[in-house]
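Nothing in this text is a laboratory measurement; each read-out follows from the coordinates by a stated rule. What you see is a predicted model; the values in this text were computed from it and never measured. Note that each Cβ is placed from the backbone with ideal geometry, even for glycine, and that neighbours are counted across all protein chains shown.
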Amino acid sequence: MSEAYERERQNNARLDELSAKVSALRGVTIDIYDSASNHQLIDQNNETFSSMGTQLKGSAGRLGRMAASGNKVAIFKLSGIIIGIVLVLYYTYHLFF
C-alpha cells in the first residue's frame, strides 16, 4: 500500500510539473503573438510615415514652383496659412501642457 501511495504522489508531482510547463508555454506563446502584433503595427506606421514624407516632398516641390512663378497673392495666402497653423499649434500646445 505504501508503494502505491508513493507512486501516486510521484505522479501528482509530475503532473504538477507538467501543468507548470504548459502554463509557461502558453505564456510564451501569448508573448510571441503580442510581439508579432506590435511589429505589424510598427510596420504599418513606418509605411504611413514613409508615404507622408513622399507627399510632403511633393507638396514642397509644388510650393517652390509656385513661389518661383512670382504669384504674390498666392504667396501671401500661403504665408497666412502657415502663420495661422503655427499659431494654432502654439496655443494648442500651451493649452494642454
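For segment 2-69, the calculated P(r), taken from all Cα-Cα distances in 5 Å bins from zero up to the bin holding the longest distance, is 3, 14, 8, 9, 8, 7, 8, 6, 6, 6, 4, 5, 4, 3, 3, 2, 2, 1, 1, 0, 0 percent.
Placing a pseudo-label 7 Å from each Cα along the Cα-to-Cβ vector at Leu18 and Ile30 gives an inter-label distance of 2.2 nm. Taking the longest Cα principal axis of the chain as reference, the axis of helix 72-96 is set at about 40 degrees. Against the main long axis of the alpha-carbon atoms of the chain, helix 2-69 sits at an angle near 10°.
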